[in-house]
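> Sharing a structure here in structure tokens format.
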Amino acid sequence: MNGMLGNDLGCSMKPLLEALRGGTPWPPPVWLMRQAGRYLPEYRALRTKAQSFIHFCLTPELAIEATLQPIRRFPLDAAILFADILLVPHALGQEVAFVANEGPKLVPIRDAAALARLSTASFAETLAPVMETIKGVRAELPDDVALIGFAGAPWTVATYMIEGEGGSDFENIRGVAYREPGFFAALLDRLVEATSAYLILQGDGGAEALQLFDSWAGVVPASLFESAVIAPTARIVGAVRAAHPEIPIIGFPRGAGSHLKTYVEQTGVDAVGIDFMTSLARVRNEVPESVALQGNLDPVLLRDGGAAMANETRGILASMHGHPFIFNLGHGVLQTTPPEHVAELLNLVQGARK
Ligand code: CP3
């Protein structure tokens, strides 16, 4: 991962992978977090074919189609596997349900006895359809479009496992993390192992890059950031890299703020996703030249489109020219986004001057 892998290899390598390996293709490759989903009418139609969201994710025929829908519509540089971060607790035997208009609901795990009931006995079997999805998508993707696999990082998955839902104040997980460090460490250990195995399987299936979503890294108490975010992420990066040294890993510690530099230095990720609260130009000066940055347009600007989106997009592009860079949002596409605005954004990014 150094400057020798420069622009000249671009013609033979997918632009996304070139940037992840430290190259500086320009205009930069672009994909969008949550680029598949309810803002697309064709997704809403497909979604009605499955009884539950988990069933949808674990039915290759449906998940392949959902992964490909944004690729058929827009000239994106990557597809992201259609799945969910909560498939891991589901595959470990925790009860997970997605309630319409309310989000995920889980039967919470808050003590050692509940943790002991989780099991890896049917983990690989439950998640096997995801590998079929990956293979099916790879077979249909255009030659220059890369497939990204993903998982939730342990802290973020643990927030759902302990709180039992999204949108909480995280008081249960913070309380447990301080009060019962042994239990909390044991839960994170389980997640490090399960997540590493899951990502390795995705690599076996043909995922070409892997992203770890740490969507709730911004609510970790400062004194726990090392043990709850950095160390578990570093262990997963180490395990996945040992099995698949060729697959680049993107970390997305949303809200990491002042911890971002340490996160990059100590986890060993190849690239880091930047949220919209953080200045890309500043991070660029803090991280090694070889670490690709990904981000960080505010999804609200994509929802609204027009001059504000164009101005901000030009500013992002200007600040990242010459550094390994992947254009993305600073968080996922909002459900209220008109699909035409995505086309408008891709025009702006892909028309960027060389
Ligand atoms: O296009 C893609 O990005 C691929 C698929 C994908 C989904 N979820 C599909 C999904 C990805 C990468 C995710 C990641 C995910 N899931 C995260 C991390 C990213 C982030 O947004 O911070 C998190 C925190 C989850 C957990 C989750 N899944 C929540 C909180 C919800 C409910 C809220 C919501 O956005 O709907 C989900 C459900 C979910 N995951 C949907 C989709 C398309 C909507 C469910 C439906 O269609 O009925």
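The values are calculated or read from the model by the stated rules, or taken from the named source; none is laboratory data. Since the model is a prediction, treat every value here as computed from it, not as a measurement. Heads up, the Cβs are rebuilt from the backbone with ideal geometry, glycines too, and the neighbour counts pull from every protein chain shown. Areas reflect the complete protein model, heavy atoms only, side chains present, ligands, DNA and RNA absent. Shrake-Rupley method; radii C 1.70, N 1.55, O 1.52, S 1.80 Å.
> If only one of Leu92, Leu81, Leu127 is within 16 Å of the ligand (Cβ to nearest atom), open to solvent by less than 60 Å² (accessible area, probe 1.4 Å) and in contact with a strand residue (DSSP E or B) (Cβ under 6 Å, 6 or more places away or on another chain), which one is it?
On the way: Leu92 fails: in contact with a strand residue (DSSP E or B) (Cβ under 6 Å, 6 or more places away or on another chain); Leu127 fails: in contact with a strand residue (DSSP E or B) (Cβ under 6 Å, 6 or more places away or on another chain).
After applying the criteria, what remains is Leu81.
> If you don't mind, there's one more thing I want to ask. Take the residues of the range 98-110 that are more than 11 Å from the ligand (Cβ to nearest atom) and among the hydrophobic types (A, V, I, L, M, F, W, C): which is farthest from Thr48 (Cα to Cα)? Show your work before the answer.
Of all residues in the range 98-110, those more than 11 Å from the ligand (Cβ to nearest atom) come to 107-110.
Cutting the leftovers down to among the hydrophobic types (A, V, I, L, M, F, W, C) gives us 107, 109.
Working: Val107: 25, Ile109: 31 Å.
Only one residue tops the list, namely Ile109.
> Assigned to a loop (DSSP other than H, G, I, E, B) and among the charged types (D, E, K, R), is that true of Asp143? It would help to see each step written out before you state the result.
On the way: assigned to a loop (DSSP other than H, G, I, E, B): yes; among the charged types (D, E, K, R): yes.
Spelling it out, Asp143 is indeed assigned to a loop (DSSP other than H, G, I, E, B) and among the charged types (D, E, K, R).
> Could I ask something else about it? Looking only at residues that are within 11 Å of the ligand (Cβ to nearest atom) and of a type in the set (Gly, Ala, Ser) in the range 41-70, which one is surrounded by the fewest Cβ atoms within 10 Å (Cβ to Cβ)?
Checking each candidate, the answer is Ser52.
> Related question: Looking at the structure I just gave you, is Pro142 open to solvent by 20 Å² or more (accessible area, probe 1.4 Å) and modelled with pLDDT of 95 or more?
So Pro142 passes the test.
> Across the range 45-78, what is the total count of residues that are in contact with a strand residue (DSSP E or B) (Cβ under 8 Å, 6 or more places away or on another chain), in a loop (DSSP other than H, G, I, E, B) and touching a residue at least 60 places away in the same chain (Cβ under 8 Å)? Walk me through it before giving the result.
Of the residues in the range 45-78, the ones in contact with a strand residue (DSSP E or B) (Cβ under 8 Å, 6 or more places away or on another chain) are 52-54, 67-68, 70-71, 76-78.
Okay, now just the ones that are also in a loop (DSSP other than H, G, I, E, B), so 52, 76-77.
Restricting the remaining residues to those that are touching a residue at least 60 places away in the same chain (Cβ under 8 Å) gives 76-77.
So the count comes out to 2.
> Considering only the range 182-202, I want to know if a residue exists there that is within 22 Å of the chain's Cα centre (by Cα) and not in a helix (DSSP H, G or I). Walk me through how you get there before you give the answer.
Step one: of the range 182-202, the residues within 22 Å of the chain's Cα centre (by Cα) are 187-202.
After this cut, where a residue has to be not in a helix (DSSP H, G or I) as well, the list is none.
No, there is no match, as no residue in the range 182-202 is within 22 Å of the chain's Cα centre (by Cα) and not in a helix (DSSP H, G or I).
> Right, Tyr160: aromatic (Phe, Trp, Tyr) and surrounded by fewer than 21 Cβ atoms within 10 Å (Cβ to Cβ) or not?
no
> I've got another one for you. Find all pairs meeting these conditions: Cβ atoms under 8 angstrom apart; at least six residues apart or on different chains; first residue within the range 209-224 and open to solvent by 10 Å² or more (accessible area, probe 1.4 Å); second residue within 15 Å of the ligand (Cβ to nearest atom) and among the acidic types (Asp, Glu).
So the pair list comes out as Gly218/Asp275.
> Let me ask something else about it. What helices (runs of 4 or more DSSP H) lie completely within the range 287-354 and have 2 or more residues being surrounded by fewer than 19 Cβ atoms within 10 Å (Cβ to Cβ) and free of Cβ contacts under 8 Å to residues at least 12 places away in the same chain?
Numbers: elements: 299-304, 306-320, 339-350.
Fully inside the range 287-354 and qualifying: 306-320.
> Could you identify the single residue in His321, His259, His341 that is under 22 Å from Ala153 (Cα atoms) and modelled with pLDDT of 95 or more?
Working: His321 fails: under 22 Å from Ala153 (Cα atoms); His341 fails: under 22 Å from Ala153 (Cα atoms).
When all the criteria are applied, what remains is His259.
> Moving on to the next point. Is it true that Ile200 is of a type in the set (A, V, I, L, M) and within 16 Å of the ligand (Cβ to nearest atom)?
On the way: of a type in the set (A, V, I, L, M): yes; within 16 Å of the ligand (Cβ to nearest atom): no.
The answer is no for Ile200.
> Further question on the same structure: Taking the options Val157, Val176, name whichever one is part of a helix (DSSP H, G or I), among the β-branched types (Val, Ile, Thr), away from the ligand (no atom under 16 Å from the Cβ) and within 22 Å of Val96 (Cβ to Cβ).
Details: Val157 fails: away from the ligand (no atom under 16 Å from the Cβ).
Of the residues listed, the single one that is part of a helix (DSSP H, G or I), among the β-branched types (Val, Ile, Thr), away from the ligand (no atom under 16 Å from the Cβ) and within 22 Å of Val96 (Cβ to Cβ) is Val176.
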